[in-house]
Amino acid sequence: MKVFFRTIHLYLSLAAGIIIFCSCFTGTMLVFEKEIQHALHSQRYAIKPEGGRMALANLVPTALKQVPKAKLSSVMVYNDPEHATEIAVSIPGKKKNNAEMPAPKAGKSEKGHDHKDKKPKADEKPNITLFVNPYTGQVMEQFNRRQTFMYKVEMFHRFLLGAKNSLGDWIISLSTLIFLFILITGVILWWPKTKAIMRQRLKIKWDGSTKRLTHDLHIVTGFYTSIFLIIVVLTGLIMTFKWANVALFAITGSKPPVKEQSKVPLSVYKPDTPALSADVILADMGKTITSAEYYSVRLPRDSSATYTVNVWPEGAIETTADVYYIDQYSGGLVGSQTFASKSLGQRVRAYVKPVHTGAVYGLPTKILSFVVCALSLIFPVTGVMMWLNRTKKKKPRAKTLVAA
């Protein structure tokens with residue numbers, strides 16, 4: 001039986017080994033991207049408090065005046081007094097600036113709602129982040145992640161520099177699935193028959209021959225990292241394949257969320273009432289905002305939409321924000337979706353990406369993820385070396401039989 005699994009393990013590794021190596025290598029590089037950015041560009045994030053913060057109604061227009069044609073998308077505010085405010089904007093080219101923060105204009109239609117304001121097109125999605133001093137309104141830096149080296153690394157990691165549903169996307173996806181079978185068959189091949197063999201397979205014999213050291217690095221390191229790599233691969237599959245995502249919700253006994261625009265709460269349109277400013281909206285939220293680590297505000301896109309406020313409580317991770325929908329005319333809460341109120345499947349799904357990247361518990365799990373990804377680079381190299389050693393052994397034997 002092990003001969004069968006060894007054959008599967010070998011040929012799957014030869015087929016996808018290079019792609020798996022590249023994925024692990026780029027994944028290792030991406031683990032500490034945020035920390036590297038903060039270390040190399042501290043001036044982008046850190047500011048010195050100077051009196052009181054500017055109201056968003058003044059801060060945002062002041063910042064946008066410094067960036068011609070910028071169209072506001074959302075504002076990220078940190079309660080840390082020494083952290084810059086981050087304003088996400090898009091620069092659509094020849095279109096007019098439509099980025100007034102205080103109060104979006106309310107237009108009329110035959111039904112009392114203005115639906116001419118459509119969602120931004122793909123090229124109008126936020127592509128620039130403005131790092132702004134919240135005390136002076138000065139734009140300290142304009143940052144476009146799509147132009148950075150790490151963004152290219154991520155695109156290589158996900159799509160081989162292609163795009164969603166491209167050939168590169170499918171190659172990465174299939175290689176990830178193959179990697180899962182390689183890991184499972186690797187654990188089966190590792191499993192010892194006796195306790196004596198187990199003791200040998202739990203430690204590396206550093207003073208052994210080159211062949212023995214290569215063998216141990218592949219077998220022993222593979223065993224210790226296999227469980228973590230299986231988790232990384234499974235989370236990758238959930239983010240890649242629809243069937244894996246559906247399976248997650250089925251296992252947790254939950255229904256996948258339906259993304260429909262009609263599900264989003266709307267404001268009660270009042271033609272003679274001006275929309276409230278973002279500062280008024282946030283002031284009414286009180287402790288929900290002041291006790292958070294940071295929060296973001298997205299303006300209504302039209303006269304019937306709401307303010308969307310995402311709140312990250314202290315210690316929350318990127319994908320576990322509480323979302324509040326606020327009526328732009330009355331300031332009342334018309335809907336919310338806290339992380340705790342979500343189904344089990346939604347909560348588990350929210351942790352998939354942080355587990356995959358190692359960000360789930362901050363620095364400790366990032367270090368663990370970095371080490372595991374770095375060690376995984378050993379397997380393709382040592383695996384090929386072991387395969388070459390076996391092929392070299394077979395050739396002399398064949399020659400000996402011919403000579404005889």
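The values are calculated or read from the model by the stated rules, or taken from the named source; none is laboratory data. This one's a predicted model, so the numbers in the text were calculated from it and none came from an experiment. Ideal geometry is used to build each Cβ from the backbone, glycine not excepted, and the neighbour counts take in all protein chains shown. Please note that ligands, DNA and RNA were not included when accessible areas were found on the heavy atoms of the full protein model with its side chains. Shrake-Rupley method; radii C 1.70, N 1.55, O 1.52, S 1.80 Å.
Here are a few things to note about the model shown:
- DSSP H segments from the chain that extend 24 Å or more along their own axis, Cα-based, with Kyte-Doolittle mean of 1.6 or above: 167-190
- Helix-only mean residue ellipticity at 222 nm for the chain, each DSSP H run of n ≥ 4 adding -39500 (n - 2.57), per residue, nearest 500: -15500 deg cm²/dmol
- Highest GNM mean-square fluctuation among Arg301, Arg349, Arg212, for the chain modelled with Cα contacts below 10 Å: Arg212.
- Cut-off 14 Å, label 7 Å out along Cα→Cβ of Asp284, residues of region 41-61 by amide N: none
- Computed from point charges on the beta carbon alone (+1 for Lys and Arg, -1 for Asp and Glu), the dipole magnitude for region 275-391 about its Cα centre is near 660 Debye.
- Net lengthening on full extension, Leu377/Ile8 (0.36 nm per residue, minus Cα-Cα): 130.8 nm
- Point-charge dipole on Cβ atoms (K/R +1, D/E -1) for region 278-343, about Cα centre, debye to 20: 140 debye
- Solvent-accessible surface of protein heavy atoms, probed at 1.4 angstrom with all chains present, puts Asp279, Asp169, Asp284 in the order Asp284, Asp279, Asp169, largest first.
- Relative to the Cα centre, the charge distribution of region 118-276, modelled as +1 at Lys and Arg Cβ and -1 at Asp and Glu Cβ, gives a dipole magnitude of about 560 debye.
- Between the listed residues Thr85, Ile281, Thr235, the Cα displaced farthest toward the positive end of the dipole of the chain, a dipole computed from Cβ unit charges relative to the Cα centre, is found at Thr235.
- Entries in Lys65/Lys125; Lys125/Lys287; Lys205/Lys392; Lys342/Lys366 that, when Cα-Cα distance is taken, lie over 28 Å: Lys125/Lys287
- Three-way shape label, region 144-230, alpha-carbon gyration tensor, a/c 1.5: prolate
- Per residue accessible area of the chain, 1.4 Å probe, in Å²: 58 Å²
- Remark: relative contact order (the chain) = 20 percent; criterion is Cα-Cα distance under 8 angstrom and separation of 6 or more residues.
- Rounded to whole Å, sorted largest first: equivalent-ellipsoid semi-axes of region 141-189, Cα gyration tensor: 31, 13, 6
- Kirkwood-based Rg to Rh ratio, the chain, C-alpha trace: 1.08
- Leading residue at positive end of dipole, the chain (Cβ point charges), from Pro271, Ile251, Ala350: Ile251
- Ordered from highest to lowest accessible area with the whole protein assembly present and a 1.4 Å probe, Phe21, Phe4 read as Phe4, Phe21.
- Square roots of 5 times each gyration tensor eigenvalue, C-alpha, region 257-340, largest first, Å: 22, 16, 9
- Distance in nm between pseudo-label sites at Asn144 and Ala350 (7 Å out along the Cβ direction from Cα): 3.4 nm
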